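For reference, the structure is listed below as structure tokens.
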């Protein structure tokens, strides 16, 4: 049975390959044209001394008729038997890629139109490359103008093979590759006798057979708060339900603030008509039972399925601005109604969207696709764009507020900060020590503090920590080493190596180190501690006595040492989420000291550490 759920279809492709003609003829073949429209188009074509032009059915702007290009996004409903289908016509000209991205992002399915005679062109590759970027995994290909190749099965098969290579490189799957001659209507709605060798579906049938998208109402609740209004004595939170459903009495969590309250009412006009529930796609105003602080940009959800809270994530983006995007560039990130400054922390891969060739990772030129790591100035609430596209898509704005790029987010591999932000114990009162830090420093002959050694596995952290401990102890210092493996054998034995567990491992280690520093010890830690945010939290716990020491060694050097055989096991797939191989390491940006163990021996490195301790700890 054909799926009856409505389907939004985006038409993409090169500017001259006939998208508008395909759509115009589809409107005619399905009886979707308003009365008199066909005659009006015939008259318009005649006035210009042109043959009948199906594309004029869509070109609402005079600019488009004059230049023969589609400038903006148009939406057209087909009166086809079976499921309701809305076609989004996206511009094909390179200058209008922004509109194309907008149209494709709102669609459930995609049709890539290709001229049979011209074959795959740069703009074809570019549009196809954009589809997976904004969440599409499948496509129907309409090979148009097969009349120009004499309806040749051999020419079509060659083009089909070229398309298979293109789509495979983009992780796209073709649900169908349909030969059509749109001007004459061949294979759009009814099978064409001139294509007797073709045994697949018509273009319309391929769309009707497309599996319907998951119902937005059945997905987890995501309500993006647009604004907060004071009305009478009520505070009305207004926003759009991006997915899921809500009802009066539901308890909502507002992220990233993590405040919770129950829905007291769903507002409506006129008074007395307020609904008890609302679903995806609706713009609503709600009031809460508790006077909690909620502001524009927060995302409301149910407790059972919350968005990820993070200040760093991977993004697969398409860059539109003529000036290249580089590492360290700052832009404004907009995700739903959230807005914050984001910095390009890493550029992991760059692909030329026209030629599908890998480029260097130094910068992202215009019209290229890139894998990047973005770090935000503040925590944002988001979802994996492949799971919940509406709360996983983002745009990047330049200083003038113009859209410079956009893409889909993936928080995988980074810590969900919710555990950090939610304090589970209340009614706590910290107990101050009866012995102050200055007294301990006078007794010990040195201040207490933390020497936080961070670096890749094999960089030499544990070796240096042990040697430094011995040297300082022999000088009469109160000193102790906290080693990652030792803590994981006891206090942190319950933790694994997921981003969340890594973060909790470092949180606990930082708390213990801070207590030891408060007790007057020089606490030396030896942890990979791969995330800057975790090390910043350890610094915050300790205060002024925290000293970040970057034990620097490149991956090749560390892997050549491999003292514990961990790199070999990780390369063999026996260790998941191993830092430097399958999990990221974020090097310190401004450490108090850098010890380059790739360039110096153990004795020289320890001498440098002892000198540093003498300078900053010993009074």
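To keep it simple, each residue is scored yes or no on (1) assigned by TED's automatic domain parsing to the domain that holds residue 248; (2) surrounded by fewer than 18 Cβ atoms within 10 Å (Cβ to Cβ); (3) over 29 Å from residue 108 (Cα atoms).
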| residue | (1), (2), (3) |
| --- | --- |
| 322 | no, yes, yes |
| 330 | no, yes, yes |
| 333 | no, no, no |
| 363 | no, no, yes |
| 367 | no, no, no |
| 370 | no, no, no |
| 383 | no, no, no |
| 392 | no, no, no |
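Give the residue that is modelled with the lowest pLDDT, with candidates limited to residues of region 22-41 that are closer than 23 Å to residue 83 by Cα and outside any helix (DSSP H, G or I). Please lay out each step first, then the result.
Quick first cut of region 22-41, residues closer than 23 Å to residue 83 by Cα only: 22-35.
From what is left, the residues that are outside any helix (DSSP H, G or I) are 30-35.
Numbers: 30: 83, 31: 80, 32: 76, 33: 73, 34: 69, 35: 72.
Among residues in region 22-41 that are closer than 23 Å to residue 83 by Cα and outside any helix (DSSP H, G or I), the one modelled with the lowest pLDDT is 34.
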How many residues does region 352-369 hold that are part of a strand (DSSP E or B) and either at pLDDT 90 or above or over 17 Å from the mean Cα position of the chain (by Cα) (or both)?
5
What do you reckon, is residue 221 farther than 23 Å from residue 77 by Cα and modelled with pLDDT under 95?
no
Among the listed residues 418, 375, identify the single one that is closer than 23 Å to residue 531 by Cβ and at pLDDT below 90.
418
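Based on what the data block shows, is residue 295 over 30 Å from residue 263 (Cα atoms) and out of contact with any strand residue (DSSP E or B) (no Cβ under 6 Å at 6 or more places or on another chain)? Can you show your working first?
Numbers: over 30 Å from residue 263 (Cα atoms): no; out of contact with any strand residue (DSSP E or B) (no Cβ under 6 Å at 6 or more places or on another chain): yes.
In short, no.
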Scope region 225-257; condition touching a strand residue (DSSP E or B) at 6+ places or on another chain (Cβ under 8 Å), surrounded by fewer than 18 Cβ atoms within 10 Å (Cβ to Cβ) and in a loop (DSSP other than H, G, I, E, B); matching residues:
248, 249, 250
Quick one: in region 176-194, which of the residues that are outside any loop (DSSP other than H, G, I, E, B) and surrounded by fewer than 20 Cβ atoms within 10 Å (Cβ to Cβ) is nearest to the chain's Cα centre (by Cα)?
176
Looking for something touching a residue at least 24 places away in the same chain (Cβ under 8 Å) and assigned to a loop (DSSP other than H, G, I, E, B) - is there at least one such residue anywhere in region 159-166?
no
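For (1) modelled with pLDDT of 70 or more; (2) in contact with a helix residue (DSSP H, G or I) (Cβ under 8 Å, 6 or more places away or on another chain); (3) over 30 Å from residue 120 (Cα atoms); (4) crowded, with 21+ Cβ neighbours inside 10 Å, each residue gets a yes or a no:
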{"site": "20", "(1), (2), (3), (4)": "yes, yes, no, yes"}
{"site": "43", "(1), (2), (3), (4)": "yes, no, yes, no"}
{"site": "50", "(1), (2), (3), (4)": "no, no, no, no"}
{"site": "57", "(1), (2), (3), (4)": "no, yes, no, yes"}
If I filter region 436-472 down to residues being out of contact with any helix residue (DSSP H, G or I) (no Cβ under 9 Å at 6 or more places or on another chain) and in a loop (DSSP other than H, G, I, E, B), which single residue comes out as surrounded by the most Cβ atoms within 10 Å (Cβ to Cβ)?
445
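Go through region 269-318 and tell me which strands (runs of 3 or more DSSP E), entirely inside it, have 1 or more residues that are under 30 Å from residue 405 (Cβ atoms).
Result: 283-288, 299-302.
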Lone unmet requirement of (1) farther than 20 Å from residue 14 by Cα; (2) out of contact with any helix residue (DSSP H, G or I) (no Cβ under 8 Å at 6 or more places or on another chain); (3) loosely packed, with under 15 Cβ neighbours inside 10 Å for residue 209
(3)
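Looking at 462, 498 in this structure, which one is touching a residue at least 12 places away in the same chain (Cβ under 8 Å) and out of contact with any strand residue (DSSP E or B) (no Cβ under 8 Å at 6 or more places or on another chain)? Full working, then the answer.
Numbers: 462 fails: out of contact with any strand residue (DSSP E or B) (no Cβ under 8 Å at 6 or more places or on another chain).
Going through 462, 498 in turn, just one is touching a residue at least 12 places away in the same chain (Cβ under 8 Å) and out of contact with any strand residue (DSSP E or B) (no Cβ under 8 Å at 6 or more places or on another chain): 498.
Taking region 319-337 as the region of interest, how many residues are in contact (Cβ under 8 Å) with a residue 60 or more places away in the chain, on the phi < 0 side of the Ramachandran plot and more than 12 Å from the chain's Cα centre (by Cα)? Break it down stepwise before answering.
From region 319-337, those in contact (Cβ under 8 Å) with a residue 60 or more places away in the chain are 319-321, 325, 331-337; that's our starting set.
From the residues that got through so far, the ones that are on the phi < 0 side of the Ramachandran plot too are 319-321, 325, 331-335, 337.
Adding the requirement that they be more than 12 Å from the chain's Cα centre (by Cα) leaves 319-321, 325, 331-332, 337.
Here the count works out to 7.
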Qualifying positions in region 126-137 - at pLDDT below 80 and either under 15 Å from residue 19 (Cα atoms) or assigned to a helix (DSSP H, G or I) (or both)
126, 127, 129, 130, 131, 132, 133
If the Cβ limit is 6 Å and pairs must be 6+ apart or interchain, which residue in region 117-144 that is within 14 Å of residue 174 (Cα to Cα) and assigned by TED's automatic domain parsing to the domain that holds residue 168 pairs with which residue that is modelled with pLDDT under 80 and surrounded by 22 or more Cβ atoms within 10 Å (Cβ to Cβ)?
129/353
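The values are calculated or read from the model by the stated rules, or taken from the named source; none is laboratory data. Worth saying up front: this structure is predicted, and the values here are computed from it rather than measured. Using ideal geometry, Cβ is built from the backbone for each residue, glycine included, and neighbour counts are taken over all protein chains shown.
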